[in-house]
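Take a look at the structure below.
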Amino acid sequence: MNKSVLITGVAKEDIIQISEYIAIDNKNASVKIVDDFYKTFELLSNFPETGSIKDGINDKTIRIYTMKKNFAIVYRIVNDKIEILRILTRYQNIFAILN
């Protein structure tokens, strides 16, 4: 059964910032990456346990799904929905941000 997807305000800001940064060099790639994020959210709604729980993150309800080796989709499963909490890049300190 598909779970509904809730994208938090902070995650929406992450998407905007990533998209704007990529658009500086390549507007088409910027549009594609946003599309890829939403396709990944759909994947997670169908297979919510795809992401992993990471040692080093205090909140054990948080899961991480790595997209295209460069992005960490940070989410949690809450009853019948998936909450997208953050979209972080591999250049960010995920553990410092999430703890």
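Each value in this text was obtained by applying a stated rule to the coordinates, not by laboratory testing. Nothing here was measured: the structure is a model prediction, and the numbers come from that model. Please note: Cβ atoms are built from the backbone with ideal geometry, for glycine as well, and neighbour counts cover all protein chains shown.
Where both bridge residues fall in the chain, DSSP classifies roughly 80% of the beta bridges as antiparallel. log₁₀ I(q)/I(0) of the chain at q = 0.23 Å⁻¹, via Debye over equal Cα point scatterers, no solvent, to two decimals? Debye curve over Cα of the chain, log10 I(q)/I(0) at q = 0.23 Å⁻¹: -1.27.
Computed from Cα positions, the angle between helix 9-23 and the longest principal axis of the chain comes to roughly 30 degrees. In order along the range 61-75, the Karplus-derived 3J(HN,Hα) couplings, from 6.51 cos²θ - 1.76 cosθ + 1.60 at θ = phi - 60°, round to 8, 7, 10, 10, 10, 8, 10, 6, 6, 10, 10, 10, 8, 9, 8 Hz, and Gly and Pro are given as x.
In a simple Cβ point-charge model (Lys, Arg +1; Asp, Glu -1; nothing else charged), the range 4-98 has a dipole of about 180 debye relative to its Cα centre.
Charged side chains reduced to their Cβ positions (Lys and Arg at +1, Asp and Glu at -1) give the range 15-55 a dipole of some 100 debye around its Cα centre.
Excluding same-chain neighbours fewer than eight residues apart, the aspartates and glutamates reachable from Lys39 by a Cα-Cα span under 20 Å are Glu13, Asp14, Glu20, Glu49, Asp80, Glu83.
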